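Just below is one structure, and these are the notes that go with it.
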Amino acid sequence: MNTLADLKSELKSITAEFLSLKNLSAEERKQKGIELNEKKQSIIAKIKALENSPESTLPPVDITAPFADNATPSPLKSGSIHPLMSELEHIVDIYAKMGFNVMESVQLDDEFHMFDSLNFPKDHPARDSYDTFRTSEGFIPPAHTSTMQYRALKKYKDNLENGGEIAVVIPGRVFRNEDVDPTHEHTFYQCEGVFVSKSATVGNLIAIWKQFFEIYYGEKLNIKTQPSFFPFTEPSFEFLLEKPKSLGGKGDGWLEMGGCGMIHPNILKTAGIDPTIYRGFAWGGGIDRLVMLKHTLSDVRFFESGKLEFLENFSC
């Protein structure tokens, strides 16, 4: 009985014979062509029959075995948590121990949560398609985790009425219409912080973020702020820290870690919170950059690349 390989080899030789028909007379070419075509169709039918037969399928694989019996033996490698997810767990754990609740951000949102609830003017350039992705239905893949700020204020508003405070951190994936390069990606992760009470101050904001980074890097750090502008905070700042010694810092360089400020009164009003009684602050920064700095990585695109040789550097 011919094997599948034998039949395919025979089919290939027939194809070569068809090429030689041009050397025959018209009558011979006609007769030979009919014979070759009949033979070709017969072989094709046999090939299809073999390919569809139970004998042609691979034997079942025992998924409990260290490796498949029909494969070259090779030990399985243990998987690992993606470096961004591992770092995200660490970040959330730090804030949770500081007394913050955790809300995960959404990955598709609307105009109200993304812009209107955050005090963005109707003509703000961030609303344009060249800066923000939009679906054909008008939904928005969030460009920042601040898209959850209104939800956080509404969800924990009862804490204020009961004499407590709102303290929430919001990690999540965000999307921006960016030109991709070693330091910019269209998809990355952020972590937002929101705090509201009757006595919240800029000093509290700076102290919380400073404590976070000192725990994160495991050393005392020098920090500073510089004025900035965001529609959702007033006043607004950029938070900088002196490059940690663990990252090779020698007291000669500052790193911008994110934006922060006091929550704009309009945002509190929109969420049904009286800004004459309560005040709050918010902050946010990228997680990808923290991981890059911590592990001295040169290209943010590695995180989304799916390259095993990169990910294996973080396996346990």
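For LYS30, list the aspartates and glutamates whose Cα falls under 18 Å from its own Cα; do not include residues on the same chain fewer than 8 positions away.
Hits, sequence-local ones excluded: GLU17, GLU38.
Which of the chymotrypsin sites (Phe, Trp or Tyr not before Pro) found in segment 115-185 are in a DSSP loop and have at most 12 neighbouring Cβ atoms, other than their own, within 10 Å?
Working: sites: PHE115, TYR130, PHE133, PHE139, TYR150, TYR156, PHE175; in loops: PHE115, TYR130, PHE133, PHE139, TYR156.
Passing sites in segment 115-185 are TYR130.
Count neighbours as other Cβ atoms within 10 Å of each site's Cβ, and list the trypsin sites (Lys or Arg not before Pro) in segment 244-289 that are DSSP loop with at most 13 such neighbours.
Details: sites: LYS245, LYS250, LYS269, ARG279, ARG289; in loops: LYS250.
Taking segment 244-289 and a limit of 13 other Cβ atoms within 10 Å, the loop trypsin sites (Lys or Arg not before Pro) found are LYS250.
If a/c stays under 1.5 just call it rounded; otherwise compare a/b with b/c (prolate if a/b is bigger, oblate if not). Do that for segment 178-257, with a ≥ b ≥ c from the square roots of the Cα gyration tensor eigenvalues.
Values: a/c = 1.80, a/b = 1.12, b/c = 1.61.
It comes out oblate by the Cα gyration axes.
Of the candidates LEU205, LEU297, LEU36, which one comes out as most mobile in a Gaussian network treatment of the chain with C-alpha springs shorter than 10 Å?
Taking springs between Cα atoms under 10 Å, the residue moving most is LEU36.
From the phi of every residue in segment 132-140, what ³J(HN,Hα) in whole Hz does the Karplus formula 6.51 cos²θ - 1.76 cosθ + 1.60 yield, where θ is phi - 60° and glycine or proline is x?
10, 6, 9, 7, 5, 8, x, 7, 10
Counting only residues 5 or more places away or on other chains, whose amide H sits under 5 Å from the amide H of VAL102 once H atoms are built in the peptide plane?
Those qualifying (amide H under 5 Å, at least 5 residues apart or on another chain) are VAL169.
Could the peptides 228-241, 157-170 be put in order, highest first, of the mean number of other beta-carbon atoms found within 10 Å of their residues? Walk me through the numbers on the way to the answer.
Values: 228-241: 18.4, 157-170: 16.7.
Ranking, from highest mean packing down: 228-241, 157-170.
Using the structure shown, select from LYS198/LYS220; LYS97/LYS122; LYS22/LYS48; LYS269/LYS294; LYS224/LYS245; LYS97/LYS245 the pairs with a Cα to Cα distance greater than 28 angstrom.
Numbers: LYS198/LYS220 30 Å; LYS97/LYS122 39 Å; LYS22/LYS48 30 Å; LYS269/LYS294 39 Å; LYS224/LYS245 17 Å; LYS97/LYS245 25 Å.
Listed pairs above 28 Å: LYS198/LYS220; LYS97/LYS122; LYS22/LYS48; LYS269/LYS294.
Skipping prolines and chain starts, which residues have an amide H placed within reach, meaning under 5 Å, of the one on SER228, given they are 5 or more residues away or on another chain?
Hits under the 5 Å cutoff: SER236, PHE237, GLU238.
Would you please give the residues with an amide H less than 5 Å from that of ALA200, counting only those at least 5 places away or on a separate chain, with H modeled from the backbone geometry?
Here the answer is ARG279, since their amide H atoms fall under 5 Å of that of ALA200.
Read-outs throughout are calculated quantities, based only on the coordinates presented, and are distinct from any laboratory measurement. Because the structure is predicted, anything quoted here is derived from the model rather than measured. Methodologically, a virtual Cβ is constructed for each residue, glycine included, from the backbone with ideal geometry; neighbour enumeration extends over all protein chains shown.
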